[in-house]
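S.K.: A single structure is presented below for examination.
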Amino acid sequence: MADIKAQPFAFPLQRDAVALIVIDMQRDFAEPGGFGASLGNDVSRIMKIVPEVRRLIAGFRDAGLPVIHTMECHRPDLSDLPAAKRDRGNPSLRIGDVGPMGRILIAGEPGTAILAELAPIDGEIVIEKPGKGAFYATGLGDILKRKGIKQLVFAGVTTEVCVQTTMREANDRGYESLLAEEATESYFPEFKAAAIAMIRAQGAIVGWTAHIDDILEAIN
Ligand code: TIU
């Protein structure tokens with residue numbers, strides 16, 4: 001089995017036990033008028049990685065390997081939205097408020113949808129998650145166990161928030177995690193760089209990082 005060229009050392013690919021997990025590539029994080037913009041961020045940085053994420057997804061689909069998508073979102077009645085999350089900071093729109101793309105980060109609203117270019121296809125798993133990590137209060141762990149998945153390749157946004165949180169959750173649960181560097185982004189370039197450095201520090205303390213070309217070469 002081909003290893004994937006990675007940092008801080010080669011990733012020991014198990015081709016029959018690996019899945020791609022694409023974190024929160026939603027309009028609310030990538031388009032003006034959404035949650036990311038309401039926090040004062042330049043969301044154009046997120047749109048720039050869409051072709052890279054698309055390329056990585058296509059490679060997994062072509063290889064017949066599973067693709068899992070996550071969406072950060074809450075129930076319309078806000079029963080899964082802690083006050084501590086809703087009330088933090090001073091955004092122009094809070095989670096649940098009505099914005100130009102519907103209610104911010106609420107399941108079923110137009111702005112909460114995954115970007116059309118990266119939309120899940122039939123048979124792909126979509127995890128709706130109320131937290132930053134994709135294991136918290138979701139069925140992800142059970143789904144991975146049922147499918148025999150032991151390794152996760154990560155893409156999506158933002159690197160230091162939902163991607164890194166989910167990588168840390170996965171690491172603690174015994175999954176080997178690999179972050180695709182060109183397929184993740186932050187509103188803050190220095191946070192992306194720091195997240196990548198801390199993930200692979202101390203002998204892959206959280207996981208590995210690799211370039212998309214090296215991932216695709218190994219899985220195909
Ligand atoms: N705000 C921010 O950088 N990220 C989030 O709130 N969610 C995700 O990272 N998906």
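The values are calculated or read from the model by the stated rules, or taken from the named source; none is laboratory data. Keep in mind that this is a model prediction, so the values were computed, not measured. Positions of Cβ are generated from backbone atoms using ideal geometry, with glycine treated the same way; all protein chains shown enter the neighbour counts.
S.K.: Please determine whether any residue of the stretch 56-70 is modelled with pLDDT of 95 or more, more than 16 Å from the chain's Cα centre (by Cα) and in a strand (DSSP E or B).
M.R.: No; the residues of the stretch 56-70 include none that is modelled with pLDDT of 95 or more, more than 16 Å from the chain's Cα centre (by Cα) and in a strand (DSSP E or B).
S.K.: Residue by residue through the stretch 142-169, note down the ones that are more than 15 Å from the ligand (Cβ to nearest atom) and either under 15 Å from the mean Cα position of the chain (by Cα) or buried (at least 24 other Cβ atoms within 10 Å of the Cβ) (or both). Reasoning before the result, please.
M.R.: Taking the stretch 142-169 first, the residues more than 15 Å from the ligand (Cβ to nearest atom) are 142-153.
Gln151, Leu152, Val153, listed by residue number.
S.K.: When you scan the stretch 7-50, how many residues do you find that are under 14 Å from the mean Cα position of the chain (by Cα), farther than 16 Å from Cys73 by Cα and within 12 Å of the ligand (Cβ to nearest atom)?
M.R.: Of the residues in the stretch 7-50, 1 are under 14 Å from the mean Cα position of the chain (by Cα), farther than 16 Å from Cys73 by Cα and within 12 Å of the ligand (Cβ to nearest atom).
S.K.: Something else now. Between residues in the stretch 149-167 that are within 18 Å of Arg15 (Cβ to Cβ) and residues that are aliphatic (A, V, I, L, M) and within 9 Å of the ligand (Cβ to nearest atom), which pairs lie under 6 Å by C-beta distance while being six or more apart or on different chains?
M.R.: Going by the 6 Å Cβ cut-off, the qualifying pairs are Phe154/Val163.
S.K.: For the stretch 5-16, which residues satisfy the criterion of being touching a helix residue (DSSP H, G or I) at 6+ places or on another chain (Cβ under 9 Å) and either surrounded by fewer than 23 Cβ atoms within 10 Å (Cβ to Cβ) or of a type in the set (S, T, N, Q) (or both)?
M.R.: As a first pass, look at the stretch 5-16 and keep what is touching a helix residue (DSSP H, G or I) at 6+ places or on another chain (Cβ under 9 Å): 5-9, 11, 13, 15.
Hits for the stretch 5-16 are Lys5, Gln7, Pro8, Phe9, Leu13, Arg15.
S.K.: Would you point out which residue out of Gly123, Gly108, Gly131 is free of Cβ contacts under 8 Å to residues at least 12 places away in the same chain and part of a loop (DSSP other than H, G, I, E, B)? Don't jump to the end; show me each part of the working.
M.R.: Numbers: Gly108 fails: free of Cβ contacts under 8 Å to residues at least 12 places away in the same chain; Gly131 fails: free of Cβ contacts under 8 Å to residues at least 12 places away in the same chain.
That would be Gly123, the only listed residue that is free of Cβ contacts under 8 Å to residues at least 12 places away in the same chain and part of a loop (DSSP other than H, G, I, E, B).
S.K.: Hey, another quick one. I want to confirm something. Restricting to the stretch 39-96 and keeping residues that are acidic (Asp, Glu) and over 16 Å from Tyr187 (Cβ atoms), which single residue is surrounded by the fewest Cβ atoms within 10 Å (Cβ to Cβ)?
M.R.: Selected residue: Asp77.
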